[in-house]
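> Take a look at the following structure, please.
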Amino acid sequence: MSELQRLATRLSLILAASASLVACGSLNGASHSLASVVTPYKIDIVQGNFVSREQAAAVKPGMSRAQVRDILGTPLLTSVFHADRWDYVFTFKRQGLEPQARTVTAFFKDDALERLEAQALPTETEFVAMMASGRATGKVPVLEMPPESLTPVAAPIKVAAPQPLPALPASYPPLEPVAR
């Protein structure tokens, strides 16, 4: 190999290495912008007991613990140290939105509800709308059955009358063998 060929080979290798380094640098920047566009799917997390405004309005002072449990459900938190207090905690986390938390506390005195403390609670309709917001809803197809599929394909099967059962025996054999 001549000196000129060696120099050309070295120069081409240096240019190829420089081009790959530049390409790696620009690819690295592209991957960051790509990661900001494509994010992993995160499921909605609903935890605790949802208490609606209607449920809270139905609970009145003087109700028994059983009546409160029937309306609000089983409390999420009960404490041995605070036996006269029930806490209903509800959290909702959705990707792209601030997490929401609501707390309702029921205070009892002598097994009767003394008071109910709660933050601003949504109605059931508002809660359902909140759960459905942000969801992609497509066109709902009309579900209809064509008249030709309503007609029976085969003749109905005739069921024979049941046969009478045989008579029961007058006595049964012993379950254990007779001792000798």
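> Could you list all residues from region 41-96 that are more than 24 Å from the chain's Cα centre (by Cα), outside any helix (DSSP H, G or I) and either of a type outside the set (Ser, Thr, Tyr) or more than 18 Å from ARG115 (Cβ to Cβ) (or both)?
VAL59, LYS60, PRO61, GLY62, MET63, VAL80, PHE81, HIS82, ALA83, ASP84, ARG85, TRP86
> Filter region 59-111 for residues that are touching an Asp or Glu at 6+ places or on another chain (Cβ under 9 Å) and among the aromatic types (Phe, Trp, Tyr); which is farthest from PRO40 (Cα to Cα)?
PHE108
> Now for a different question. On the basis of being without any contact (Cβ under 8 Å) to a residue 60 or more places away in the chain, exposed (fewer than 14 other Cβ atoms within 10 Å of the Cβ) and among the hydrophobic types (A, V, I, L, M, F, W, C), does VAL142 make the cut?
Against the criterion (without any contact (Cβ under 8 Å) to a residue 60 or more places away in the chain, exposed (fewer than 14 other Cβ atoms within 10 Å of the Cβ) and among the hydrophobic types (A, V, I, L, M, F, W, C)), VAL142 qualifies.
> Test of understanding: among SER52, SER79, which residue is at pLDDT 85 or above and either polar (S, T, N, Q) or touching a Pro at 6+ places or on another chain (Cβ under 8 Å) (or both)? Show your work before the answer.
Numbers: SER79 fails: at pLDDT 85 or above.
Step by step, each of SER52, SER79 is checked, and only SER52 is at pLDDT 85 or above and either polar (S, T, N, Q) or touching a Pro at 6+ places or on another chain (Cβ under 8 Å) (or both).
> Before we move on, is THR125 under 22 Å from VAL59 (Cα atoms), surrounded by 13 or more Cβ atoms within 10 Å (Cβ to Cβ) and either modelled with pLDDT of 80 or more or aromatic (Phe, Trp, Tyr) (or both)?
Working: under 22 Å from VAL59 (Cα atoms): yes; surrounded by 13 or more Cβ atoms within 10 Å (Cβ to Cβ): no; either modelled with pLDDT of 80 or more or aromatic (Phe, Trp, Tyr) (or both): yes.
Judged against the criteria, THR125 is not a match.
> Could you look through region 92-109, keep only residues that are within 14 Å of LEU121 (Cβ to Cβ) and loosely packed, with under 15 Cβ neighbours inside 10 Å, and pick out the one that is modelled with the highest pLDDT?
Result: ALA101.
> List the residue pairs whose Cβ atoms are under 9 Å apart, where the first residue sits in region 58-72 and is at positive phi and surrounded by fewer than 14 Cβ atoms within 10 Å (Cβ to Cβ), the second is of a type in the set (D, E, K, R) and at pLDDT 90 or above, and the two are 6 or more positions apart or on different chains.
From region 58-72, the pairs are GLY62/GLU114.
The values are calculated or read from the model by the stated rules, or taken from the named source; none is laboratory data. Predicted model, so just to flag it, every value in this text is computed and none were measured. We place every Cβ from the backbone using ideal geometry, glycine too, and count neighbours over all the protein chains shown.
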